Amino acid sequence: LVADVLARERLMSTCIGRGLFVPHAEHDGVAKIVGVMAISEEGLPFPTPDELPVHCIALLLIPPGERERHVAVMAALARAIGMDPAVQTQLYRAKSPAEVFEILHAEEFEDYNYFLD
């Protein structure tokens, strides 16, 4: 799993900027797209296009053959998190998984919510 993600990241960085990093990889061990999110209020020093620290890492694992859906999930994440400074502020300052859940299920995330189980 880690090797797949690191190999994909070596091809091209998925640090989107504005504090968002979306590492991802196809992996035979998953039947549907799965993900995990980590938040850092202080920010992490990854190389990013805008040279700002990373505050949100959304790791996605994609089953083989789901490229179209995976692109849609990444685009929804980028729109929902990467384009709205107010959402970024709320999300990047979240203190608990429950608070992140509440933020991600808010109306501003309705395009992304489609992909949440």
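Pairs, please: C-beta under 9 Å, at least 6 apart or cross-chain, first residue among the small types (Gly, Ala, Ser) and in region 97-116, second at pLDDT below 75?
ALA106/ASN113
Could you tell me which of the residues GLU51, GLU99, GLU68 is loosely packed, with under 13 Cβ neighbours inside 10 Å, more than 23 Å from VAL2 (Cα to Cα) and either at pLDDT below 85 or among the charged types (D, E, K, R) (or both)?
Only one candidate qualifies: GLU51.
May I ask you to list the residues in region 23-48 that are under 12 Å from the mean Cα position of the chain (by Cα) and either open to solvent by 40 Å² or more (accessible area, probe 1.4 Å) or under 21 Å from GLU102 (Cβ atoms) (or both)?
VAL34, GLY35, VAL36, MET37, ALA38, ILE39
When GLY19 is evaluated against the numbered criteria (1) of a type in the set (Gly, Ala, Ser); (2) under 22 Å from ALA106 (Cα atoms); (3) surrounded by 17 or more Cβ atoms within 10 Å (Cβ to Cβ); (4) free of Cβ contacts under 8 Å to residues at least 60 places away in the same chain, which criterion, by number, is the only one it fails?
Going through the list (1) of a type in the set (Gly, Ala, Ser); (2) under 22 Å from ALA106 (Cα atoms); (3) surrounded by 17 or more Cβ atoms within 10 Å (Cβ to Cβ); (4) free of Cβ contacts under 8 Å to residues at least 60 places away in the same chain, GLY19 breaks only (4).
Search region 68-88 for residues that are among the basic types (Lys, Arg) and pair each with any residue that is modelled with pLDDT under 85 and part of a helix (DSSP H, G or I) when their beta-carbon atoms are under 7 Å apart and the residues are at least 6 apart or on different chains.
ARG79/ASP111
The values are calculated or read from the model by the stated rules, or taken from the named source; none is laboratory data. A quick note: this is a predicted structure, and the numbers were derived from the prediction, not measured. We place every Cβ from the backbone using ideal geometry, glycine too, and count neighbours over all the protein chains shown. Heavy atoms of the whole protein, side chains included, go into the accessibility calculation; ligands, DNA and RNA do not. Shrake-Rupley method; radii C 1.70, N 1.55, O 1.52, S 1.80 Å.
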